[in-house]
Each structure stands twice: as structure tokens, then as C-alpha cells.
Amino acid sequence: MGHASETDPVEVTPGSKGRRAWHKAALFFALLLTWGMFIGIAWGWQQRHSSILNLSYLMGPCVHGILSGNGLSAEVSTAPEIFAGGHVIYRVARMPLAPYALAAIVSAAGDRYLPVTVLKTIVFLLPVFPCILLFQRKLESAARWRRWAVIAVLALPFLLPQSLGNVTRMQQEEGYVYSPLVLAVAILWLTSEKERRGWRYLSLFSASLVAVYLGKSSLILAVAVLAALYIWRTARMRVALVIVLSAGLVVGAWGCRSLYASGRFTLGTSLDGLNLHKGNNERFLGDYPPPSEGGSIDHYDSELLSPEPCRDEWDCNDFHRAAALSFLRQHPSETATGWWRKFYVLTLSTKTYGSDLNTAKLSHIREIFTIAMAISRVLFWAAVVSALWLLGNKGRQARFLGVSFILIALALIAPYLVGFALTRHFSLLIFLAAELLGAALAHCDPTCVAAG
């Protein structure tokens, strides 16, 4: 009986190969889950006396609003970093995925930081399992060294503190979108043509895109790129209709909900103007990047105040948006310099910016963070070089891996060049880079003559 080549799509079957792949994937995932729970417990124990309702970036107030029956409403009486006094109720300040997920967990476990951290870590690690299964079944006929190389590459993001931090922490949106993004990319790269046209993976892919958007609206460009790549690769009208309609309905529903709750239709949030202004103002180049030891760009928000109290959340948003756009038009040279500096912070610097994991009380392990950051940079740029090499390959699958990685990476980077970039934003690129290197190893033989 002949053996399948490393580049042939391997279908999941009830046979021994399918069962072995499932068992190996389950073992790998169990190890990741155990490790994630350990880190979650360690982080939750440090914050055990804190309340989920006090989480920063308006996450806590939004969770409180949901638990109180007021939806995403976040009542703010004094927020000088956002507006000059007054009383504002934010109804569209956060995308719904993270606040509603946390509210559900708090309802089940109570307002206790430790169990909520562990449960959040477990829930948002779950989409990683089908991703691991797709890789494992692809490697069933591969050489042992290739299997171990892929496992090592896929495990790296869960060992590096810059990406591992977002797996456990709760206030940043990256901690909620990393796993659906990883799953969407795995389905795009590792399924057969027949599977991509089937309802199971099509539905799972569409749900992943919806979760990414509902978790972080600035990733709408990445969602659009992933959807376009999937449609292009399947070349079926039914597939296009399912993806476009599902994404369109969710985006439209969020816009209509925003219109009903706040009086304005929007695809994003009412903090988008502030985030744009943070990265585009006269003092930005003097304040950015923030100090690497516990510094935050948020410390400079008071310098961006509106001269008049804001009437509502959109009044605040419009002031900041207008100020940022005015700066972009009037200072093209400073804008270009800012773009380069943001790109450097996001993809090249070995310092950790905007992270509470690099504060003075953790200075004794600063060298570990620096080494880990250097490893993550090597991982990302190795993926970039591999993608460029794949572009010059004769195999269709290899070329598709290369071009899709570059397009997805650019879509993930673009919002942070327009706004501002911190270390936590790079975590999504770490996961993407690990997937690209793993997929390249899984798909390609030594000469990389990939299947179509």
C-alpha cells in the first residue's frame, strides 16, 4: 500500500490515522491548557484582591453595565484623560466580545480575579485545539524531525511572555481575538479544497472572522483580507455568499446597535477618535515610545484634552478625530517619522513597551524579557523571509502561503501604524509567524514542491 506524500491533503477519517492524529493533538492541547492554567493562576493570584469591575480601558465599567442590565453602558463621571470634565455615559466604547464573555464568566464564578482569570484563559484557548488537530493530521506521514520542528514552532508563542501575557490577561482585546484569528488562518492554510467548500469548515471559518471583528474592530481589515483569500481559494459563489452575508450581517448588526444605543451608526467604537489622536499629535514624537519600565502612552492623554466639556461620547470622539486628521494634513514629515517609529516599536525593538509585565518590581527578570523579545523578533522575521522565499516557489500551495502571510501581516500592522503601537499589539504577529513556519514545514518537502 502506498504512502501519502507530505504535501497531499490528509482527510480526517475514522481510521487509525485519524484517531492517532486526534490523540496527539489532544495531548499537545492538554499540555498547552495546563501551562495556560498555571500562568493564569500565577497572574490571578497576584491580582486576587482586585475586582473585575475595576479593569482598565473601560472594560470593568462595561462588564458592570452588562451585569446591571444596562448592556455595554459605561458611566464615567470624571475621566480627564479623555475629556475635560463632565458626565459621560459610554455605550459604544468597547466591542462586545470581551465584555460579554467576562460578564458571563463573572456570573458563573463571581467577581473573583483568580477563578475568572483561569476560566477566561481556558475558554479562549479552546479554538486553538482544532488548529492543532489540523496541523497534526497534516504531519501524520511526515518525518519525525519535521513533526517535532512544527510542534516546537507552534509552542513558542505560548512560551514567550510578550504573547503569553495576552493569553491570560483580561483588559486588552488581543487576549480575546488571538485564538479565533489563529483558527481562521489554520483553516485557510491547512484544509483541503473539498473541506473548505463544506459546511463544517466554512461555518467555523465564518464564526472565527465574526469573533475577531467583535473582539477588536480595528482588525476589520484583517478580517476582510482573510475573507477575500478564502473566497479566492475556493472560487465558489456559495462560499462567497456565506462569508459575505455572515460578516455583513454581524457588522451591520453592530452598527445598528450603535445607532440605537448612542445615536450614531459606526463600525468601530467611540474611542477610535482618541486612539487616532494618541498616535497623531504635536507632542507624539516627544512622548513616544513611552518608557519601557512600566510606561504607558495613556499617561499622556491629559495633554490631548478638549478645551470644552464633552456633551457625550461622540462629542469626545469627534474632537479627537478632527484634531488627529488636522495633524496628519499639516505635518506630513512628522507623520512619516511617526510611522517609522511605530513600525520599529512593533516589529524591531527588543524592549517591551506598554506592558505591566515589565515594571520596576519585575526588573530582576528584565533580561529574560529582552531575550524573549529578541526570540519573537527572530521568529517574525524568519516567517517574513520564508514567505518571500515561498513566493518564488513553483508549488501553488507554497506561493499561496507566502502571499497570504504577507497580506494578513500587513493588514494586522496597518491599524497600529495609523494609531499607535505597543508590545501587546505584536502578539498577534507572533502567532501568525509561528503558523506560517509550521504550515511551511507541514506542506513542503525539501524542494518544496507543494500540492495545489
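The values are calculated or read from the model by the stated rules, or taken from the named source; none is laboratory data. From a predicted model like this one, the values you see are computed outputs, not experimental measurements. With ideal geometry, Cβ positions are generated from the backbone for all residues, glycine too; neighbour counts draw on all protein chains shown.
Figures for the structure shown
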| quantity | calculated |
| --- | --- |
| Residue check, Ala360 at pLDDT below 95 and more than 24 Å from Leu156 (Cβ to Cβ) | yes |
| Residues satisfying the stated conditions in segment 89-114, i.e. more than 17 Å from Ser68 (Cβ to Cβ) and aromatic (Phe, Trp, Tyr) | Tyr113 |
| Condition check for Ser218: in contact with a Pro (Cβ under 6 Å, 6 or more places away or on another chain) and assigned to a helix (DSSP H, G or I) | yes |
| Members of segment 141-172 that are farther than 22 Å from Leu190 by Cβ, of a type in the set (A, V, I, L, M) and assigned to a helix (DSSP H, G or I) | Leu164 |
| Candidates Val185, Val167 - the one that is buried (at least 24 other Cβ atoms within 10 Å of the Cβ) and closer than 17 Å to Met37 by Cβ | Val167 |
| Selection from segment 27-49 of residues that are surrounded by fewer than 14 Cβ atoms within 10 Å (Cβ to Cβ) and part of a helix (DSSP H, G or I) | Leu27, Ala30, Leu31, Thr34, Phe38, Ala42, Trp45, Gln46 |
| Matching residues, segment 285-313, being touching a Ser or Thr at 6+ places or on another chain (Cβ under 9 Å) and at pLDDT 75 or above | Leu285, Pro289, Pro290, Asp312, Glu313 |
| Criterion: crowded, with 21+ Cβ neighbours inside 10 Å and out of contact with any Gly (no Cβ under 7 Å at 6 or more places or on another chain) - qualifying residue of Leu125, Leu134, Leu159, Leu154 | Leu134 |
| Top-ranked residue of segment 50-80 - restricted to ones that are out of contact with any Cys (no Cβ under 9 Å at 6 or more places or on another chain) and assigned to a strand (DSSP E or B), ranked as modelled with the lowest pLDDT | Val76 |
| Among the candidates Arg200, Arg147, residue that is out of contact with any helix residue (DSSP H, G or I) (no Cβ under 9 Å at 6 or more places or on another chain) and at negative phi | Arg200 |
| In segment 234-257, the residues that are over 16 Å from Leu204 (Cα atoms), more than 23 Å from the chain's Cα centre (by Cα) and surrounded by 18 or more Cβ atoms within 10 Å (Cβ to Cβ) | none |
| Which numbered condition Phe380 fails, given (1) out of contact with any Asp or Glu (no Cβ under 8 Å at 6 or more places or on another chain); (2) within 22 Å of Leu159 (Cα to Cα); (3) modelled with pLDDT under 95 | (3) |
| Candidates Tyr260, Tyr213, filtered to the one that is part of a helix (DSSP H, G or I), of a type in the set (Phe, Trp, Tyr) and touching a residue at least 40 places away in the same chain (Cβ under 8 Å) | Tyr213 |
